[in-house]
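Any read-out appearing in this document is the output of simple, stated calculations on the displayed coordinates, not a laboratory observation. Only a predicted model underlies this, so the values are computations on that prediction, with no experimental measurement involved. Neighbour counts run over all protein chains shown; Cβ positions are idealised from the backbone, glycine included.
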Amino acid sequence: MLILGVDTSGKSGGITLASGDHNAFHVLESAPIAGGTFSAQLVPTVAALLQKYSFTSKNLDGFVVVSGPGSFTGLRVGLSAVKGLAEVLQKPIAAVSLLEALASCSEQKDGLVATALDAGRNEIFWGLYKCAQDRSLQGEEKLLSQPEFLEEIAKTRPADLITSDHSIAELAISAGVHVREESRPEVELIARLGVRKLLEDNTVSVEALDATYLRRSDAEIFFKGTH
């Protein structure tokens, strides 16, 4: 299965061209995309990557895309590009959350795993997952204030909490939970998780694919506040 992975959720982004099946996963090449250039550079970067390996878009078997949480503008660019390509080529899409990707780094084989990312404004993107023996994850994600984050830790008592932000790690340690700091998930990890979803038909239609912002945009907040 030849797939294209796309991540435009952060200040910078990336694309990876990879192949995989139930037994193996191989990255052909990844290409970074500088922040602020997603809309201009994403499609040309994809085209150049395919051409380098003598592929065309028709050779792709599926797409993997980060659905959030992250930048409103960045997520829209990546999701729109994947939607357009998948609709034209009639190929499946697997959506992967950054919080889910962090949870996949846990060594827990059973029990609850929590993940957390800095959402700014003294808020935290929170994910809580139940690990199954087959390494699959089922859980929920939401936006919390720092006091709510500590309340969630006290209530759920996860076996593992994984974060990419040192300030969150310190906050969680103060609550007595085991914490692991991991780098922000790279697009290669996103692609690896996506291949598994594609092979298991855990996909999302073009119509249903949407960003998981967890937070309302400033425009929505402002609009509501004026009524």
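Assorted remarks:
- Likely footprinting exposure, Tyr129, Tyr213, Tyr53, fewest C-beta neighbours within 10 Å first: Tyr53, Tyr213, Tyr129
- Fewest neighbouring Cβ atoms within 10 Å first, the residues Phe125, Phe25, Phe63, Phe149 line up as Phe25, Phe149, Phe63, Phe125.
- Gap separating the Cα centres of region 33-72 and region 169-201, nearest whole Å: 22 Å
- Shape category assigned to region 77-156 from the gyration tensor of Cα positions, a/c cut at 1.5: oblate
- If you look at the Cα atoms of the chain, you get an Rg and a Dmax of 17.9, 55 Å.
- Environment charge of Glu186, counting only residues whose C-beta is closer than 12 Å and scoring Lys/Arg +1, Asp/Glu -1: -1
- Candidate aspartates and glutamates - alpha carbon under 15 Å from Lys142, same-chain residues fewer than 8 apart omitted: Glu100, Asp118, Glu123, Glu151, Glu152
- Neighbour-limited loop hits for trypsin sites (Lys or Arg not before Pro), region 1-65 (at most 13 other Cβ within 10 Å; DSSP other than H, G, I, E, B): Lys11
- Neighbour-count order for Lys91, Lys109, fewest beta carbons within 10 angstrom listed first: Lys109, Lys91
- On a per residue basis, the convex hull of the C-alpha atoms belonging to region 28-98 measures out at 92 Å³.
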